Amino acid sequence: MLPVAPLMIEHRLIERMIAVLRVEVDRLKKDGKPDGVIIDQIVDFIRIYADETHHGKEEDILFRELKKKDQSDVDKKMMKDLIADHVTGRETTRALVAAKERYLRGDKGALGEIASRMEFLADFYPKHIEKEDKHYFIPAMKYFSKDEQDAMLQEGREFD
């Protein structure tokens, strides 16, 4: 198994939560009432699973090892862009939480920001996943020997 295979499988679970996020965005636009509990559950999933666990393996294992390789300029740029995407996801999630907290304290003007941050994340994650799955992960494996791939796969298991 390639070390990116578990990451790609994890993408399927992230996509399922993003579908829930999309439903919540549509509901929020329709009735104008954010559900703080659902937002908290989505944020917890994004922070703990998508970012700490999933992006942690990407950044702390795969990208760390790729930085040691003589990647093509195109591949270096793609990795840099993917890392920047992770930062964007973190920042947007933080902003969503802040907007939700402001709303709960009575700032009704934060409703628009809640909706826009949620919609951004619902649009952002599928595009990010597509970049990784279809344009970077498999081609990046050419930089590694079978032993290196096996070592990264094992490290990913230990990370989990």
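The values are calculated or read from the model by the stated rules, or taken from the named source; none is laboratory data. Computed from a prediction, not measured in an experiment: that's the story for all the values here. Reconstructed Cβ throughout: ideal geometry from the backbone, glycine too, with neighbour counts over all protein chains shown.
You will find that of PHE120, PHE137, PHE144, PHE63, the residue that is among the aromatic types (Phe, Trp, Tyr) and either modelled with pLDDT under 95 or under 20 Å from GLN41 (Cβ atoms) (or both) is PHE120 and no other.
The numbered conditions (1) in contact (Cβ under 8 Å) with a residue 60 or more places away in the chain; (2) farther than 27 Å from ASP147 by Cα; (3) over 15 Å from the mean Cα position of the chain (by Cα) are all true for LEU2 except (2).
Taken over region 89-103, the criterion of being surrounded by 12 or more Cβ atoms within 10 Å (Cβ to Cβ) and out of contact with any Phe, Trp or Tyr (no Cβ under 7 Å at 6 or more places or on another chain) is satisfied by ARG90, THR93, ARG94, ALA95, LEU96, VAL97, ALA98, ALA99, LYS100, GLU101, ARG102, TYR103. Of all residues in region 37-58, those satisfying the criterion of being surrounded by fewer than 15 Cβ atoms within 10 Å (Cβ to Cβ) and acidic (Asp, Glu) are ASP40, ASP44, GLU52. Criterion applied to GLU59, GLU52, GLU91 was being farther than 29 Å from LEU2 by Cα and under 20 Å from the mean Cα position of the chain (by Cα), and the one residue passing it is GLU91. If we scan region 122-145, do we find a residue that is part of a helix (DSSP H, G or I) and polar (S, T, N, Q)? No, because not a single residue in region 122-145 is part of a helix (DSSP H, G or I) and polar (S, T, N, Q).
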